[in-house]
1. Out of 78, 105, 126, which single residue is assigned to a loop (DSSP other than H, G, I, E, B) and at pLDDT 75 or above?
2. Under 8 Å between Cβ atoms, which residue pairs at least 6 apart in sequence (or on different chains) link something in the range 175-189 that is buried (at least 16 other Cβ atoms within 10 Å of the Cβ) with a partner that is among the polar types (S, T, N, Q) and assigned to a helix (DSSP H, G or I)?
3. Check off (1) free of Cβ contacts under 8 Å to residues at least 40 places away in the same chain; (2) within 30 Å of residue 241 (Cα to Cα) for residue 129 and give me the number that stays unchecked.
4. In the range 127-154, how many residues are closer than 15 Å to residue 111 by Cα and either of a type in the set (Asp, Glu) or buried (at least 20 other Cβ atoms within 10 Å of the Cβ) (or both)?
5. Mind checking whether some residue in the range 179-190 is at pLDDT below 85, of a type in the set (Gly, Ala, Ser), on the phi < 0 side of the Ramachandran plot and not in a loop (DSSP other than H, G, I, E, B)?
6. Would you confirm whether any residue within the range 157-171 is under 22 Å from residue 197 (Cα atoms), small (Gly, Ala, Ser), surrounded by fewer than 22 Cβ atoms within 10 Å (Cβ to Cβ) and in contact (Cβ under 8 Å) with a residue 24 or more places away in the chain?
7. Out of all the residues in the range 112-138, which are over 21 Å from residue 184 (Cα atoms), touching a Gly at 6+ places or on another chain (Cβ under 8 Å) and among the polar types (S, T, N, Q)?
8. Give 52, 110, 60, 117 a once-over and let me know the one that is more than 19 Å from the chain's Cα centre (by Cα), at pLDDT 75 or above and among the charged types (D, E, K, R).
Amino acid sequence: MRLGGHETEERGGGVRIFICSLLSPILAQQKQHFDDIYVQPTPVPYKTRILDALSYVSDDFNRQMFDTHILPFAKSVGKTVNVTLTGKTVNINWKDEESCKSIAGSRRFDTKITGIDISAPALEYGKSAGVYDETICCNLNERGGGEFHKVVHAMSQCDILLSTAALVYLDIETIEALVSSFAKGGVNNKEGFVLVNFLNPFALEKSDETKRVLLKHLDFVGSRATRHRRMSELEMKNYPGEEWSLLELWVLKRRS
């Protein structure tokens, strides 16, 4: 299940996390979509019908990249760290409907978490379980509304942006607006890191466009690649000869 939330103006209290679950027209035709799961009240169906069924193997790699390149910065800030996250959330105690109601762990540094998603049930779950402090329900490809402008402003105020396999679902114009706002930063946010994922073999030209936007505004730090999950029957039909989808992980930072 993808979780999300809404932006808050105050600093202090936690990490900001933005999550979006949007499908572009091209991906909707070629990539398996799980829209029915994203509106469920808990992430348990996501675990059983997607993570388990399709043999997801990549979640620890995002944590490893975060720990290597971003965690030292987060712990050294000396104030509350604001983190925004767009994309698939981490797995937290999702084995059944009861255990998923709380997080089996504690935050590793002082954070203010804000989530963004198109799915209101996902946001409600995330906040009730303690994943997020604040939430914004927003279709990020609809750039004319007030909620989108809140997100753009929040990007400039955050210290860390996490986008795990989500940017590919967004229009390039949306990506440009969000990344450029993050890159500028705010008065109290001169430094900042981004962790993003790219899915292969889906929408490769879109991934290349997204990388160009990121490198236009940010400095590259590091990357790695890994298997992500087994492809569904629909995906293997659309991509003959492929059995696994792959994940490319990038870390970037604001320019000094």
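1. On the way: 78 fails: at pLDDT 75 or above; 126 fails: assigned to a loop (DSSP other than H, G, I, E, B).
Criteria check complete, one pass: 105.
2. Hits for this filter: 175/210; 181/156; 182/156; 185/156; 186/156; 186/157; 189/156; 189/157.
3. Condition (2) is where residue 129 drops out.
4. So in the range 127-154, the residues closer than 15 Å to residue 111 by Cα come out as 127, 130-135, 154.
Still in the running and either of a type in the set (Asp, Glu) or buried (at least 20 other Cβ atoms within 10 Å of the Cβ) (or both): 131-135, 154.
The total comes to 6.
5. We begin by selecting, within the range 179-190, every residue at pLDDT below 85; these are 186-190.
Pick out the ones that are also of a type in the set (Gly, Ala, Ser) and you get 186.
The next check asks that each one be on the phi < 0 side of the Ramachandran plot; those that pass are 186.
If we keep only those that are not in a loop (DSSP other than H, G, I, E, B) too, we end up with none.
No, the conditions are met nowhere in the range 179-190.
6. Taking the range 157-171 first, the residues under 22 Å from residue 197 (Cα atoms) are 157-171.
Subsequent filtering for residues that are small (Gly, Ala, Ser) retains 163, 165-166.
If we keep only those that are surrounded by fewer than 22 Cβ atoms within 10 Å (Cβ to Cβ) as well, we get none.
Checking the range 157-171: not a single residue is under 22 Å from residue 197 (Cα atoms), small (Gly, Ala, Ser), surrounded by fewer than 22 Cβ atoms within 10 Å (Cβ to Cβ) and in contact (Cβ under 8 Å) with a residue 24 or more places away in the chain.
7. Going residue by residue through the range 112-138, those that are over 21 Å from residue 184 (Cα atoms) are 117-138.
So of that shortlist, the ones also touching a Gly at 6+ places or on another chain (Cβ under 8 Å) come out as 117-119, 122-123, 126-127, 131-138.
119, 135, listed by residue number.
8. Selected residue: 110, the only one of 52, 110, 60, 117 that is more than 19 Å from the chain's Cα centre (by Cα), at pLDDT 75 or above and among the charged types (D, E, K, R).
The values are calculated or read from the model by the stated rules, or taken from the named source; none is laboratory data. What you see is a predicted model; the values in this text were computed from it and never measured. Cβ sites come from the backbone with ideal geometry, for glycine too, and all protein chains shown count toward neighbours.
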